[in-house]
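Notes for the one structure printed next.
The values are calculated or read from the model by the stated rules, or taken from the named source; none is laboratory data. Remember, it's a predicted structure, so these values are computed and weren't measured experimentally. Every residue, glycine as well, gets a Cβ built from its backbone with ideal geometry; the counts of neighbours run over all protein chains shown. The area values use the complete protein model at the heavy-atom level, side chains included, leaving out ligands, DNA and RNA. Shrake-Rupley method; radii C 1.70, N 1.55, O 1.52, S 1.80 Å.
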Amino acid sequence: MWIEQPPLFYRMLFTETWWRLKRRGRKVVFLTFDDGPVPEETPWVLDVLEKEGVKATFFMVGDNVRRHPELLEEVRRRGHSYGNHTMHHLQALKEPSQTYFRDITEAASLIDSTLFRPPHGIMWPWQARLIKKHYNVVMYDLVTRDYSKRINGEEVLENVKRYTRNGSIIVFHDSIKAHNNMRYALPRAIKWLKEQGYEFEALPM
């Protein structure tokens, strides 16, 4: 559970970030996709979202945008929001902060957004406070673990069913490593969420 739904003590270290966004009087969830855009996965995700009438948010790796700028344009054209996920998918704890901040800035030259999500959802609290001066820092209320080779698509779907609640920011991945699990779980998760009365919103940029 610590991975799928971060505990309160961890959230309290990052009170200036977004974990969950409740809407008074409505059941709302926020689907997000990390690590793209890539031609093998992102267009398929966009088609599923369009078919279901769902808006979502894509946290993009700058180097992927550099190689596939047309995919950023397609995400924008279809009415979704998007955010910065660093240039090279760096982990904040493993890099000098100067290098990490420079990587975010490099990605920002390609990704014009006020949203930022740290790769792996990990950074130092003081880094988050500095980044907050320029971005809305978005964490998550539920990680589906679609990227994991240790679980299958049915278990990814079960994570959605077990941990989703009103206002959940839910993480899927439009990446090659998530291919099998994501393609199984995403359309079924959307169907289940609709059956539970949830509406879908993109995060505001």
>> Just to verify a result, which residue in the range 158-177, among those that are surrounded by fewer than 21 Cβ atoms within 10 Å (Cβ to Cβ) and within 18 Å of Gly197 (Cβ to Cβ), is nearest to the chain's Cα centre (by Cα)?
In response: Gly167
> Do the conditions hold for Asp146, that is, is it of a type in the set (Asp, Glu), surrounded by fewer than 23 Cβ atoms within 10 Å (Cβ to Cβ), within 19 Å of Thr57 (Cα to Cα) and within 17 Å of the chain's Cα centre (by Cα)?
Replying inline: no
> Taking into account only those residues within the range 131-177 that are aromatic (Phe, Trp, Tyr) and outside any helix (DSSP H, G or I), which is nearest to Leu21 (Cα to Cα)?
Replying inline: Tyr140
> Can you spot a residue in the range 85-108 that is in contact with a His (Cβ under 9 Å, 6 or more places away or on another chain) and touching a residue at least 60 places away in the same chain (Cβ under 8 Å)?
Replying inline: no
> Looking at Ile3, is it open to solvent by 70 Å² or more (accessible area, probe 1.4 Å) and either aliphatic (A, V, I, L, M) or out of contact with any strand residue (DSSP E or B) (no Cβ under 8 Å at 6 or more places or on another chain) (or both)?
Replying inline: yes
